[in-house]
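The values are calculated or read from the model by the stated rules, or taken from the named source; none is laboratory data. As the structure is a computational prediction, the values presented were derived from the model and not from experiment. Side chains included, ligands, DNA and RNA excluded: accessible areas come from the protein's heavy atoms. Shrake-Rupley method; radii C 1.70, N 1.55, O 1.52, S 1.80 Å.
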Amino acid sequence: MNPTQLAALLESHGTGTAARARAALLDGGTGVVWDGAAAPEQFARIYRRRLHRTRRTGQETAGLEDAVDRLAAHQLPVRLGQVTSADGAWTYLLFLSQDARTLRACTGVRRRGVGTRPDPRRAVQPPVPSCWISSACSPVTR
């Protein structure tokens, strides 16, 4: 999936969080969509725990509660994707249909200790994707 396709997918979702992920991608961020799919209820459980933890710790998120609700209501397997802003301050998790043609849910989290303005003296490298769903990754290519 190329950045233009991923940006169109994010735009079609129509949520504020997806719009923020799209803007991050188009502003020089990186994106990846992993191969493989898993049951949405597994992700709903994981992200429900993350929702409680982020509320407790005050970590800034975007659309997390909505993503948990959407995943809990969805019945078909979902694929994971990720967009990381150019400055590394935000990471957006994308939950896509198994064929990666529809975005089912989107959430974002601000990384602690990373400012909103990039320091030109220090390049921030996005985290290397961990392909824990399958052994193959499909990076978004430019």
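Table for the structure above
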| item | result |
| --- | --- |
| For R48, solvent-accessible area (1.4 Å; no DNA, RNA or ligand), Å² | 90 |
| Whole-percent carbon and sulfur share, accessible surface of segment 32-109, 1.4 Å | 44 |
| Amide hydrogen neighbours beyond the local backbone of R111, cut-off 5 Å, H modeled | W90, T91 |
| Inter-part distance where segment 84-107 and segment 11-81 are each reduced to a Cα centre, Å | 6 |
| Solvent-accessible area per residue, Å², over segment 1-108 with all protein chains present [probe radius 1.4 Å] | 46 |
